[in-house]
Amino acid sequence: MQTCTGKPSAVILPQDLLDTRLNTPHGITLLDCRPFDDYDFCHIDGAFHADIESTLSAASDSEHNPARGGRHPLPKAENWERQLCAWGIQTDSFVVAYDDASGAEGAARAWWMLTASGVQAAILDGGWAAAVKARLTINEDAPTPEPSTFKFTEWLLPIADIEMVKTLRSAHDWILLDSRAPERWRGEVELMDPIAGRIPGSKNVFFQENLDNSFLKKPEELRKMYLEILGDTPPSRVIASCGSGMAACLTLLALYQAGLEEAYLYVGSYSEWCRAKINQY
């Protein structure tokens, strides 16, 4: 599969994983983004664990403050570089990430971080459930990596901070997309952050809208859907948000599949926004 612009797809079906592994120079690096207990019980053969709290974010850092960066801020550059090296990732590696939520709970975040590091990456379409159904080989053994010397310098994809969002959230020529469930966006329920509600000026496009029976919609379907949402606004003037910068990455992946690249990730998302609002009082 390719994107609407002919670029390599950011999703791969479980049944295509074996052939791709055999025909990729260094094979495929697999990342399991589920909770560690699930990974430890069993995972796809050869997969490394990518923890949401300590690997794909700096949430476990002692100085972590959700009011400055949200619940899942990006890790420090040196920590991320160290992790890439520990997984044995090189500049010509191909990495496939999966989780238990079709990409919304870590896999799409891993895809975004890897792509923003200059590494080709994809998510496993349908996630863990699809892998099991496809009868991929699973076991409980953690693989032994061959460390690499990957050099990380900076994130290569657009990132928005809270000041940028404050300035542009109501601009007529910018769109802030919130990927959370509609009831959270409307402020009817909130279980993870101290205030229910949304960033004023945002539009709600639930991340589930990118899926069809837990699989990502076809590129042409995604393109049609997002062109109707964006109208005349180019993707370079779109900011993706969610609760803490995880599910928003699935929106960015869907936009990539649709050939609508260059949108920003607001990493802090609503978890940072609402806490900053509290601190104003």
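Any read-out appearing in this document is the output of simple, stated calculations on the displayed coordinates, not a laboratory observation. A quick note: this is a predicted structure, and the numbers were derived from the prediction, not measured. Reconstructed Cβ throughout: ideal geometry from the backbone, glycine too, with neighbour counts over all protein chains shown.
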task: Please sort by residue number the GluC sites (Glu not before Pro) in the range 32-134 whose DSSP state is loop and whose Cβ has at most 12 other Cβ atoms within 10 Å.
output: Glu63
message: Show me the GluC sites (Glu not before Pro) within the range 162-257 that DSSP assigns to loop and that have at most 15 other Cβ atoms within 10 Å of their Cβ.
response: Glu188
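Going from the alpha-carbon gyration tensor of the chain, what semi-axes, largest first and in whole Å, does one get by taking the root of 5 times each eigenvalue? Walk me through the numbers on the way to the answer.
Numbers: eigenvalues 172, 93, 62 Å².
With the √(5λ) rule applied to the chain, the semi-axes are 29, 22, 18 Å.
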statement: Shape call for the range 96-186, from the Cα gyration tensor axes a ≥ b ≥ c (a/c under 1.5 means rounded, otherwise prolate when a/b beats b/c, else oblate), comes out oblate
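Using the Cβ atoms and a cut-off under 12 Å, what net charge is assigned to the surroundings of Tyr266, where Lys and Arg are +1 and Asp and Glu are -1? List each step's numbers first, then the result.
Values: positive: Lys166, Arg169; negative: Asp161, Glu163, Asp178, Glu272.
Spelling it out: positives minus negatives among the neighbours equals -2.
What shape does the range 159-280 take by its C-alpha gyration tensor, where a ≥ b ≥ c are the square roots of the eigenvalues and a/c under 1.5 counts as rounded, a/b above b/c as prolate, and the rest as oblate?
On the way: a/c = 2.06, a/b = 1.39, b/c = 1.48.
Because a/c hits 1.5 or more and a/b fails to exceed b/c, the range 159-280 counts as oblate.
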query: Of Lys133/Lys224; Lys76/Lys277; Lys7/Lys217, which ones are farther than 22 Å apart at the Cα?
result: Lys133/Lys224; Lys76/Lys277
- prompt: Where does the chain land at 222 nm, in deg cm²/dmol rounded to the nearest 500, when only DSSP H runs of n ≥ 4 count, each adding -39500 (n - 2.57), divided by all residues?
  reply: -8500 deg cm²/dmol
query: Tell me, Ser244, Ser214 in order of fewest to most beta-carbon neighbours within 10 Å?
result: Ser214, Ser244
Ranking of Cys274, Cys42 by count of other Cβ atoms within 10 Å, fewest first: Cys42, Cys274
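Where both partners of a DSSP beta bridge lie in the chain, what percent of those bridges are antiparallel, to the nearest 5?
On the way: 5 of 27 bridges.
Roughly 20 percent of the beta bridges in the chain run antiparallel, per DSSP.
If Lys and Arg each add +1 and Asp and Glu each add -1, what is the summed charge of the other residues whose beta carbon sits under 13 Å from the beta carbon of Leu227?
Numbers: positive: Arg223, Lys224; negative: Glu220, Glu221, Glu228, Asp232.
Net charge around Leu227: -2.
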